[in-house]
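Only one structure is covered here, and it is reproduced in the block below.
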Amino acid sequence: MTNDPLLKWREEFPILSRKTYLINNSLGAMPRKVYEGLKHFADMWNEDGVVAWHYEDGTGWLDDCEKTADLIGSVMGAPPRSVMLHLNVATLTAQVLSSIDFSGKRNRIVYDDMQFTSPHYVCQQWARYGAELHLVKSHDRIGVDVQQLLDAIDERTAIVPISHVYFRSAYLQDVQPIIDKAHKVGAKVLLDVYQSIGTVPFDVTQLNVDFAVGGSVKWVCGGPNVCYLYIRPDLIPTYQPALTGWISHARPFKFEMDFTPHKTAWRAATGTPPVVALYSARPGYDIIKQVGLPAIREKSVRLTSHLVEKALEAGFTVNSPRDPARRGGTVCIDFANAEEAHNELIRRGFVIDYRPGGGIRVSPHFYNTIDECNAIIAQMKELRR
Ligand SMILES: Cc1ncc(COP(=O)(O)O)c(C=O)c1O
């Protein structure tokens, strides 16, 4: 094909030999080692029963929870024990909001109308606890002017829950000034990194962000229900959410009736953590670490720039930023019968998806080829009416 060294990873992802897999911003290809991971979980359960929660040598289910959280943390520059695992972003958003007192003058949640629906719905519900929503509107349904967000953040702002890369358009938000402004006025930032982690390099420590939340099913090639929350280490001792549970306790297996929070980010754990699911997430995390974010990003910019160029040449509408510096890993391509064409593309073995207002989302990863990108453009040209 080419001498692209990243293509050697294709054999780790069996689906790539059967399909043109270009939907990595929604669900990354499954690493073949997921079979081994899930078998390992079942073997522990079958062989050792309840003892599998914790082995003397630190390899039980709870130990693997901590190690897996630290592994995904290392992809985003988080120090050990500043990240914990949970089920989904919706619950984690609710948890972070439950740690904030919205009864006083500082009761605003500032964000924009391009956020994912899970955090948006949760924020809307927080009106019942006194939160006032301030929603900045996007003019073009691609990005949101950072200045408008900065102007909206003031002394009344409690928290700014914002996406790093927007799911609708792949707009890569310039989050550093937002974090700096929030801190200047005493507000916190909850950064949703679900659409950036594994394709855009970033470092939560360098960003100095308060909280970061994300999951596994997209660019880090993991299975569902392994989401995670990063808490900036200096905030951990005072992080006291109302939404809590037995695993958040400093001594969960003592079953004390008084609550003493865990010393690390695991105080955010609530109840039983996502044990089964973590074994479907680790193989992907390992591969992303080995490939490395600089190489992944370089290739992503190359393939998405090629897609933008070819889509525009063909006369399609591109609903993603043209500037690669402001674009994540996805290109949204639209035309009159795009929704119908997307069903036919799937029938023909091209795995993509369609979002109303965005179009067909094409999101190549490090294991995709330029030939696959050319092939999908050719198919769209054929299917366009
Ligand atoms: C930016 C972003 N946040 C969060 C989610 C998922 O939220 P949840 O974990 O609540 O399903 C998605 C998509 O699945 C997303 O694109």
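Cβ-Cβ under 9 Å, sequence separation 6+ or interchain: first residue in the range 322-338 and over 17 Å from P294 (Cα atoms), partner loosely packed, with under 15 Cβ neighbours inside 10 Å and basic (K, R). Which pairs?
F335/R384; F335/R385; A336/R384; A336/R385; N337/R384; N337/R385; A338/R384
Condition check: over 18 Å from the mean Cα position of the chain (by Cα), assigned by TED's automatic domain parsing to the domain that holds A42 and not in a strand (DSSP E or B). Does V276 satisfy that?
Yes; evaluated as a whole, the condition is true for this residue.
Which pairs turn up if I take residues in the range 90-102 that are touching a residue at least 12 places away in the same chain (Cβ under 8 Å) and look for partners that are within 14 Å of the ligand (Cβ to nearest atom) and aliphatic (A, V, I, L, M) with beta carbon separation below 6 Å, at least 6 apart in sequence or on another chain?
Note: pairs meeting the criteria are A90/V122; L92/V213; L92/L229; T93/V122; A94/V122; V96/L190.
Output the qualifying pairs, or none if there are none: Cβ atoms under 8 angstrom, residues six or more apart or on different chains, first residue in the range 235-256 and closer than 21 Å to A78 by Cα and assigned by TED's automatic domain parsing to the domain that holds S99, second residue surrounded by 14 or more Cβ atoms within 10 Å (Cβ to Cβ) and among the acidic types (D, E).
Hits for this filter: L235/D210.
Scan (1) assigned to a helix (DSSP H, G or I); (2) more than 19 Å from C123 (Cβ to Cβ) for the single condition I179 breaks and write down its number.
(2)
Exactly one condition in (1) closer than 22 Å to I159 by Cβ; (2) without any contact (Cβ under 8 Å) to a residue 60 or more places away in the chain; (3) away from the ligand (no atom under 16 Å from the Cβ) is false for K67; which is it?
(1)
Could you count how many residues in the range 291-301 are without any contact (Cβ under 8 Å) to a residue 60 or more places away in the chain and either buried (at least 21 other Cβ atoms within 10 Å of the Cβ) or more than 19 Å from the chain's Cα centre (by Cα) (or both)?
Going through the range 291-301 one residue at a time, the tally reaches 1.
Okay, residues lined up against (1) over 24 Å from the mean Cα position of the chain (by Cα); (2) in a helix (DSSP H, G or I); (3) of a type in the set (K, R):
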residue	(1), (2), (3)
H306	yes, yes, no
E309	yes, yes, no
S320	no, no, no
A325	no, yes, no
C332	no, no, no
E340	yes, yes, no
N343	yes, yes, no
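The values are calculated or read from the model by the stated rules, or taken from the named source; none is laboratory data. Being a predicted model, the structure only gives us computed values, none of them experimental. Because the Cβ atoms are built from the backbone with ideal geometry, glycine has one as well, and the counts that use them run over all protein chains shown.
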